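Input: a single structure, listed below in structure tokens.
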Amino acid sequence: MKLTLDQIQNQNNSQSAEHSRSFEFLAESLEKKGNNVEELISKLQALQIAIPSWALGTGGTRFGRFSGGGEPATLIQKIQDVGILHALNQSSNAVSLHIPWDIPSDYQAIKDSASEVGIGFDAVNSNTFQDQANQSHSYKFGSLANSDAAVRELAVEHNKQVIEIGEKLGSKALTVWLADGSSFPGQHSLRKALENTHLSLQEIYKDIPEDWKLLIEYKPYEPNFYSTVIQDWGTSFLLANKLGKKAFTLVDLGHHLPNTNIEQIVATLMTEGKLGGFHFNDSKYGDDDLTVGSVKPYQLFLIFQELVKGFSETNNPPLSWMIDASHNLKDPMEDLIQSVQAIKLSYAQALLVDSKSLEAAQEIHDVAGAQEILQDAFRTDLRPLLAEAMRRSGGAIDPIKGFRSLKVRETLIQERGLKSIASGL
């Protein structure tokens, strides 16, 4: 299935009058407050969020997986689904692949399929948290951190193969997330596990092309619950600094203990020039992988407030913007549409913050005044602004409504069947 511009525009026609009224009212209000509406729209149009290949199918829990119909059973079908999302929101022009779930059998065919729907390839993700068929050694007790040199070598070689795959597709980053850790005190040497990880990453780093980034992800727990080798942003930052200029920390919003001040982490990493990018999601307890902005929208706004400040005040390199979500209740494509919308709305709200007034309030310790400045931006309904940005780019005024009105899921079920299950997961 492929959506056309005519289909999108026909959907917009029925909503254009109401949208125009809402947008014009908002634009007038924003201009009165000194905001440049055209500049805001341009910045929103420029922000593109990569879609993870693994989020296009229904996820699951340890108790079960309830797959929906019409899921993408092949890599080409996953790319087609990302193309549908991008046609609707004009904000998702790249896919992030997970290897070995998404190894192309025909690279040219994959690149052609992506080109047909205007999709590129963002960071490639390695997988050393699962044993694959006929694997010579097991990752049961770790991969890059394993005490067995043969296991470490296997994991290093896998990451090098992922780089090769990414180069063929035009990717510019490798994301490394390790499940390595321990569930019991004394299970392994905490110090040696970290040393082994560093040495293994050094071997991988040697193969990172000069114009690439190595993104090091962290997580406090799961699947191991006593220790995780790269358990927090500080450990990731430590490793990235040791490795060199091409290595950065990747912030996954769900990879923190409850109530962690993620915006402070973002500010620190940007100050040091080591923030590499994001895996966006939302959570209540841990790595829940819920729809972005569904639980903690104010936190998401505060993160973007620090990002917007960091863009102008630090020399941090451009970021990789990706979603990492997976659960078993919503249509996964609708969930991804909602996530992208939440990200861009938070960005728009952060752009509204009067940074000069905020800095002045901070300098004189006007706590209430500073809070008012932030909350004034957060409480401004910018949905018409985002809708206008998407409309001008050729997308839908209301992507969810478009998805449903155009019967995307029903068509995918007709094409792929009710029993189709997404590959990989």
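The values are calculated or read from the model by the stated rules, or taken from the named source; none is laboratory data. From a predicted model like this one, the values you see are computed outputs, not experimental measurements. A quick note on method: Cβ atoms are made from the backbone with ideal geometry, for glycine too, and the neighbour counts reach across all protein chains shown.
Give the residue that is surrounded by the most Cβ atoms within 10 Å (Cβ to Cβ), with candidates limited to residues of the stretch 107-120 that are assigned to a loop (DSSP other than H, G, I, E, B) and at negative phi.
First pass over the stretch 107-120, keeping only residues assigned to a loop (DSSP other than H, G, I, E, B): 117-119.
Next, only the ones that are at negative phi stay: 117, 119.
Numbers: 117: 19, 119: 24.
Looking at the filtered set, the residue picked out is 119.
When you go through (1) crowded, with 23+ Cβ neighbours inside 10 Å; (2) modelled with pLDDT under 95 one by one for residue 327, which number turns out not to apply?
Every listed condition holds for residue 327 apart from (1).
Restricting attention to the stretch 354-361, does a residue exist that is more than 28 Å from residue 27 (Cβ to Cβ), in a helix (DSSP H, G or I) and in contact with a Gly (Cβ under 6 Å, 6 or more places away or on another chain)?
Residues of the stretch 354-361 more than 28 Å from residue 27 (Cβ to Cβ): none.
No, there is no match, as no residue in the stretch 354-361 is more than 28 Å from residue 27 (Cβ to Cβ), in a helix (DSSP H, G or I) and in contact with a Gly (Cβ under 6 Å, 6 or more places away or on another chain).
Could you grab me the full set of residues in the stretch 228-242 that are surrounded by 19 or more Cβ atoms within 10 Å (Cβ to Cβ) and in contact with a helix residue (DSSP H, G or I) (Cβ under 8 Å, 6 or more places away or on another chain)?
229, 230, 233, 237, 239
Just one of 368, 361, 377 is out of contact with any Lys or Arg (no Cβ under 6 Å at 6 or more places or on another chain), among the hydrophobic types (A, V, I, L, M, F, W, C) and either on the phi > 0 side of the Ramachandran plot or exposed (fewer than 15 other Cβ atoms within 10 Å of the Cβ) (or both); which is it? Let's see the steps before the verdict.
Details: 361 fails: either on the phi > 0 side of the Ramachandran plot or exposed (fewer than 15 other Cβ atoms within 10 Å of the Cβ) (or both); 377 fails: either on the phi > 0 side of the Ramachandran plot or exposed (fewer than 15 other Cβ atoms within 10 Å of the Cβ) (or both).
The match here is 368.
In this structure, does residue 63 turn out to be of a type in the set (Phe, Trp, Tyr), exposed (fewer than 12 other Cβ atoms within 10 Å of the Cβ) and either over 21 Å from residue 390 (Cβ atoms) or modelled with pLDDT of 95 or more (or both)?
On the way: of a type in the set (Phe, Trp, Tyr): yes; exposed (fewer than 12 other Cβ atoms within 10 Å of the Cβ): yes; either over 21 Å from residue 390 (Cβ atoms) or modelled with pLDDT of 95 or more (or both): yes.
Judged against the criteria, residue 63 is a match.
Those residues that are part of a loop (DSSP other than H, G, I, E, B), within 14 Å of residue 323 (Cβ to Cβ) and not hydroxyl-bearing (Ser, Thr, Tyr), I need them from the stretch 58-106; list them, please. Before the answer, list the steps.
First pass over the stretch 58-106, keeping only residues part of a loop (DSSP other than H, G, I, E, B): 58-59, 62-63, 66-74, 90-93, 97, 99-106.
Those still in the list that are within 14 Å of residue 323 (Cβ to Cβ) too: 59, 91-93, 97.
Of everything in the stretch 58-106, those that are part of a loop (DSSP other than H, G, I, E, B), within 14 Å of residue 323 (Cβ to Cβ) and not hydroxyl-bearing (Ser, Thr, Tyr) turn out to be 59, 93, 97.
Please work out if residue 302 is closer than 18 Å to residue 275 by Cβ and of a type in the set (A, V, I, L, M). If you could, list the steps in order and put the result at the bottom.
Details: closer than 18 Å to residue 275 by Cβ: yes; of a type in the set (A, V, I, L, M): yes.
Spelling it out, residue 302 is indeed closer than 18 Å to residue 275 by Cβ and of a type in the set (A, V, I, L, M).
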